[in-house]
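Here is the structure we will look at.
The values are calculated or read from the model by the stated rules, or taken from the named source; none is laboratory data. For clarity, every value in this text was computed on a predicted model and none was experimentally measured. Cβ sites come from the backbone with ideal geometry, for glycine too, and all protein chains shown count toward neighbours. Just so you know, the surface numbers come from the protein's heavy atoms only, side chains and all, with ligands and any DNA or RNA stripped out. Shrake-Rupley method; radii C 1.70, N 1.55, O 1.52, S 1.80 Å.
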Amino acid sequence: MTQYVINGGTPLHGTVNISGAKNAALAILPATLLVDGPCRIENIPKVTDVTLMLEILRDVGASIRLLDDNTVLIDSGGVRVGSVAPYEQARRMRASYYLIGAFLARFSSAQVAMPGGCNLGVRPIDQHIKGFEALGADIHVKAGSIHADARNGHLTGSPVYLDVASVGATINIILAAAMADGLTVIENAAREPHVVDLANFLNSSGADIKGAGTDMIKIRGKKRLNGGTYAIIPDQIEAGTYMAAVTAAGGEVTLNNVIPKHLECITAKLTELGVDVEEFDDSILIKREGRLRKANIKTLPYPGFPTDMQPQASACLSCAEGISMITEGVADNRYRYVDELKRMGARIQVDGKVAVVEGVRRLTGAPVQACDLRAGAALVVAALSAQGATEIGGVYHIERGYEDIVGKLRGVGADIRSEEIPEPELLTANAT
Ligand code: EPZ
């Protein structure tokens, strides 16, 4: 079993190269199922969720050729109607539900395991189903899998008004509508950068998608999409996480390969805490010297403060001067990491969607467990500022979404190492 060991207190100095966006890659890779001919996808992050998605695509018949760690050649010509994503793999990741939209678009039918992914409380998919049904699909669940079939053998464009500006539902409906007959209009659509990246990829293949990045997206279905080359956008949450690391540990770090516009809300909030951020074309310089100031945060869909940065921000506020308040406005239950931060001396009270953080002078290192991807990132951020050593278990959660986080942090002077420890012995029946 792998753990990270971090000795905190060293300010960070140097440069971090940000990888491609995990959540854009997890939408664009299944979208290659809609395309005739090979697609060369560049700047994919080398993270386990992307590896899993590539394995699933290979298992349903796509030819997958990794040209290097971050470039893949995909040809889905070999995928046949009725192909089914392997249940045990698909259930491990929420993004596998994008295969429903992709298979519906290509074959007018789909069978995919109910989604898994980070445990953030209730994560329904009713808005996805609302969109598929609006396009003319019948949906039912059988033996843990979602079955979708176009009622008259093909999907027909339709207006869909989302009750929630759901990222996943917006992406899934774009996938299904890209080859449907006629016009689909998604209202109250999610505006995240990875929604735009998917639309840009599909349009580069010949699709007709307008309005991505706004709350109204129009998709005119096309009969055929053609392969080509496409580079994934940089990961704004990975970049935000390293901004939080400098905020917590102090120092001065340049982040390369970023789109500053995608970071605006994170930059604005960290500036409130007392951090200096200088923006360039495709990089930012972040610096923190003095004590952090308190701030209030409410997470919202893009362009609001991202929910995927909420745990990391809490770790920073744990050492800010004064009392801060965090309101989780997107996920159902995203404070499971708080108990672990409390082991490090954080003073956080959670009541439903609200967390009140009383800043302490300094956290102290402790053995802690990551319980999901961004919770694990928050523990890394906290450990970088803490006095003494922190051992973080469950790092497989972190490696789902962060490429080479140990190497990148060591590259800016963090005292962090990854080490193998024996699996805890399971208690046996005759244990005394
Ligand atoms: C995506 O999840 C991301 N995952 C999440 O990132 C991210 O936290 C989330 O968007 C919000 O930005 C991927 O892109 C793979 P949603 P998703 O549908 O699509 C409710 C990470 O750390 N909702 O926008 O599941 C839902 O309960 C991961 O990288 C419905 O009610 O997010 C939630 O409260 C964690 N009905 C809210 O909307 C639905 O049908 C936002 O969910 C769908 C969602």
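Quick notes on this one:
- Output for region 94-127, where each listed residue is polar (S, T, N, Q), within 16 Å of the ligand (Cβ to nearest atom) and over 13 Å from VAL167 (Cα atoms): SER96, ASN119
One line per residue, one yes/no per condition, for (1) open to solvent by less than 10 Å² (accessible area, probe 1.4 Å); (2) in a strand (DSSP E or B); (3) over 22 Å from SER205 (Cβ atoms); (4) at pLDDT 95 or above:
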position	(1), (2), (3), (4)
VAL16	yes, yes, yes, yes
LEU73	no, yes, no, yes
GLY82	no, no, yes, no
LEU99	yes, no, no, yes
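- Subset of region 347-365 (residues that are closer than 30 Å to VAL167 by Cβ and open to solvent by less than 10 Å² (accessible area, probe 1.4 Å)): ILE348, ALA355, VAL357
- Scanning region 51-70 for residues that are of a type outside the set (A, V, I, L, M, F, W, C) and either under 19 Å from the mean Cα position of the chain (by Cα) or part of a loop (DSSP other than H, G, I, E, B) (or both) yields THR51, GLU55, GLY61, ASP69, ASN70.
- For the residues VAL395, VAL381, VAL368, the requirement of being surrounded by fewer than 24 Cβ atoms within 10 Å (Cβ to Cβ) and more than 14 Å from the ligand (Cβ to nearest atom) singles out VAL395.
- Any hit, region 279-298, residues being out of contact with any Ser or Thr (no Cβ under 8 Å at 6 or more places or on another chain) and crowded, with 18+ Cβ neighbours inside 10 Å: no
- Where strands (runs of 3 or more DSSP E) fall entirely within region 262-328, those with at least 2 residues that are among the acidic types (Asp, Glu), more than 16 Å from the ligand (Cβ to nearest atom) and at pLDDT 95 or above are at 276-279.
- For region 356-381, residues that are among the acidic types (Asp, Glu) and within 19 Å of ARG291 (Cα to Cα) total 1.
- The residue list ALA90, ALA27 contains one member that is assigned by TED's automatic domain parsing to the domain that holds ASP181, more than 18 Å from LEU198 (Cβ to Cβ) and open to solvent by less than 20 Å² (accessible area, probe 1.4 Å), which is ALA90.
- Extreme residue, nearest to the ligand (Cβ to nearest atom), among residues of region 144-165 that are in contact with a Gly (Cβ under 7 Å, 6 or more places away or on another chain) and not in a loop (DSSP other than H, G, I, E, B): VAL160
- Among the conditions (1) within 16 Å of the ligand (Cβ to nearest atom); (2) among the basic types (Lys, Arg); (3) loosely packed, with under 15 Cβ neighbours inside 10 Å, the only one that LYS223 does not satisfy is (1).
- Yes/no for LYS46 being within 16 Å of the ligand (Cβ to nearest atom), surrounded by fewer than 17 Cβ atoms within 10 Å (Cβ to Cβ) and under 22 Å from the mean Cα position of the chain (by Cα): yes
- Conditions (1) open to solvent by 10 Å² or more (accessible area, probe 1.4 Å); (2) within 22 Å of GLY153 (Cα to Cα); (3) not acidic (Asp, Glu): number failed by LEU33: (1)
- Any hit, region 256-279, residues being more than 26 Å from GLY359 (Cβ to Cβ) and in contact with a Leu (Cβ under 7 Å, 6 or more places away or on another chain): no
- For ILE266, the test of being out of contact with any Gly (no Cβ under 9 Å at 6 or more places or on another chain) and β-branched (Val, Ile, Thr) is failed.
- Any pair with Cβ under 7 angstrom, 6 or more apart, that starts in region 194-207 at a residue that is in the same structural domain as LYS223 (by TED's automatic domain parsing) and ends at one that is of a type in the set (Ser, Thr, Tyr) and surrounded by fewer than 24 Cβ atoms within 10 Å (Cβ to Cβ): PHE201/TYR230; SER204/TYR230
- Any pair with Cβ under 8 angstrom, 6 or more apart, that starts in region 230-241 at a residue that is on the phi < 0 side of the Ramachandran plot and ends at one that is among the small types (Gly, Ala, Ser) and assigned to a helix (DSSP H, G or I): TYR230/SER204; ILE232/ALA24; ILE232/ALA25; ILE233/ALA24; ASP235/ALA24; THR241/ALA377
- With respect to the conditions (1) part of a loop (DSSP other than H, G, I, E, B); (2) among the acidic types (Asp, Glu); (3) in contact (Cβ under 8 Å) with a residue 60 or more places away in the chain, GLU419 lacks only one, and its number is (1).
- Some residue of region 53-60 being open to solvent by less than 10 Å² (accessible area, probe 1.4 Å), away from the ligand (no atom under 15 Å from the Cβ), free of Cβ contacts under 8 Å to residues at least 60 places away in the same chain and touching a strand residue (DSSP E or B) at 6+ places or on another chain (Cβ under 9 Å): yes
- Picking from residues in region 192-210 that are open to solvent by 20 Å² or more (accessible area, probe 1.4 Å) and more than 22 Å from the chain's Cα centre (by Cα), the one that is nearest to ALA177 (Cα to Cα) is ASP208.
- Check on THR254, among the polar types (S, T, N, Q), farther than 22 Å from ALA134 by Cβ, more than 19 Å from the chain's Cα centre (by Cα) and crowded, with 24+ Cβ neighbours inside 10 Å: no
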